[in-house]
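Chemist: Submitted below is the structure of interest, expressed as structure tokens.
The values are calculated or read from the model by the stated rules, or taken from the named source; none is laboratory data. These figures come from a predicted structure and were not determined experimentally. Cβ atoms come from the backbone with ideal geometry, glycine included; neighbour counts cover every protein chain shown. Just the protein is used for accessible areas: all its heavy atoms, side chains included, with ligands, DNA and RNA removed. Shrake-Rupley method; radii C 1.70, N 1.55, O 1.52, S 1.80 Å.
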Amino acid sequence: KEEFLKTEFLNYQLRKNIVAIIDTAYSGREGVRELVDKAADKLQDVRLFEEKKLVQRFLAEVNKPNGVAVYGLPRIMQALDKSNVETILVADDVDTLRITATCKSCQTMKEKFAPNSKKTQAMQEITSEPCASCGSKDFLVDETDIVDLLEERAIQVGAKVEVISSGTEEGAMLKSFGGVAAFLRYRPAESR
């Protein structure tokens, strides 16, 4: 394997993707298992590097006047409604729920985002106001974890979801933006 790498047999584009050279005592399935075990640390370093690049790209885009990055759940949900999301970044410890109240009479829906710790208060707030359409006070209340919601919506519009480890410096930076951000496919017309 060392001689194979020293020679020019391997295309340079593939060569730059080599993470490590690892010796195994087995071949076949056992060898693959051993390789995965031995490469776990190196592969984690690669993932942390990818996360770092994603967060740095987000910070660069959000600071540009015409950047294609947004943060905050309302803006991300709006962009998802318009199928304008390329990639969503989510901190791995985001603890937010989407609470919806659907009027049982006319099916009008209202939503609110709240931390899990304030779920009961948010449910009371969303159901305390009568329906804007028909005035009814009878609602069907539902809650959805924000990560599940974002993943479901991302699949619908062909976007990717990248989970960022909050234990890193980049994860802490993402948390300072609410723990959720997105890269847009194009800049919306109203901000051009």
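Chemist: In whole Hz, with x marking every Gly and Pro, tabulate ³J(HN,Hα) for region 69-83 from phi via Karplus 6.51 cos²θ - 1.76 cosθ + 1.60, θ = phi - 60°.
Modeler: Coupling constants for region 69-83: 10, 9, 9, x, 4, x, 5, 5, 5, 5, 5, 5, 4, 9, 6 Hz.
Chemist: Once the Cα atoms of region 1-63 are picked out, what are the Rg and Dmax in Å?
Modeler: Here Rg and the maximum Cα pair distance are 16.2, 51 Å.
Chemist: With +1 on each Lys and Arg Cβ and -1 on each Asp and Glu Cβ, how big is the dipole of the chain about its Cα centre, in debye rounded to the nearest 20?
Modeler: 680 debye
Chemist: Starting from 0.36 nm per residue, how many nanometres of slack lie between Asp37 and Met109 once their C-alpha separation is accounted for?
Modeler: Gain on extension, Asp37 to Met109, equals 21.0 nm.
Chemist: Here's something else I'd like to know. Report the equivalent ellipsoid semi-axes for region 1-105 in whole Å, largest first, defined as the square roots of five times the eigenvalues of the gyration tensor built from alpha carbon atoms.
Modeler: Ellipsoid half-lengths, sorted descending, are 43, 21, 12 Å.
Chemist: Follow-up question, since we're still on this one. For region 64-192, with the dipole built from +1 on Lys and Arg beta-carbon atoms and -1 on Asp and Glu ones, taken about the Cα centre, which of Ile155, Ile88, Asn66 lies farthest toward the positive end?
Modeler: Asn66
Chemist: Please tell me the relative contact order of region 50-127 in percent, rounded to the nearest whole number, where contacts are Cα pairs under 8 Å and at least six residues apart.
Modeler: Answer for region 50-127 is 18 percent.
Chemist: With an 8 Å Cα cut-off and a minimum separation of 6 or more residues, compute the relative contact order for region 1-134 in percent.
Modeler: Value for region 1-134: 11 percent.
Chemist: While we're here: Just report the Cα centroid separation between region 27-95 and region 118-184, whole Å.
Modeler: 18 Å
Chemist: Just the number: Rg to Rh for region 46-88, Cα atoms, Kirkwood Rh, two decimals.
Modeler: 1.02
Chemist: Which one of Lys110, Lys119, Lys52 has the biggest mean-square fluctuation once the chain is modelled by GNM with Cα springs under 10 Å?
Modeler: Lys110
Chemist: Here is a follow-up. Based on the alpha-carbon gyration tensor of region 119-192, what equivalent-ellipsoid semi-axes (square roots of 5 times the eigenvalues) come out, in whole Å, largest first?
Modeler: That gives 31, 19, 14 Å for the three semi-axes.
Chemist: So how much accessible area does Ser176 have, in Å² to the nearest 10, using a 1.4 Å probe?
Modeler: Using a 1.4 Å probe on the heavy atoms, I get roughly 90 Å².
Chemist: In what sequence, largest accessible area first, do Val141, Val90 appear using a 1.4 Å probe?
Modeler: Accessible-area ranking of Val141, Val90, largest first: Val141, Val90.
Chemist: May I ask you to rank Tyr26, Tyr186 by accessible area, largest first, using a 1.4 Å probe over the protein chains only?
Modeler: Reading off the accessible areas and sorting them downward yields Tyr26, Tyr186.
Chemist: When 1/r is averaged over all different Cα pairs and the result inverted, which Kirkwood radius in Å belongs to region 59-128?
Modeler: Over region 59-128, the inverse of the mean reciprocal pair distance is 14.4 Å.
Chemist: Reachable lysines from Lys53, Cα under 24 Å, same-chain residues fewer than 8 places away excluded?
Modeler: Filter leaves Lys16, Lys42, Lys64, Lys160, Lys175.
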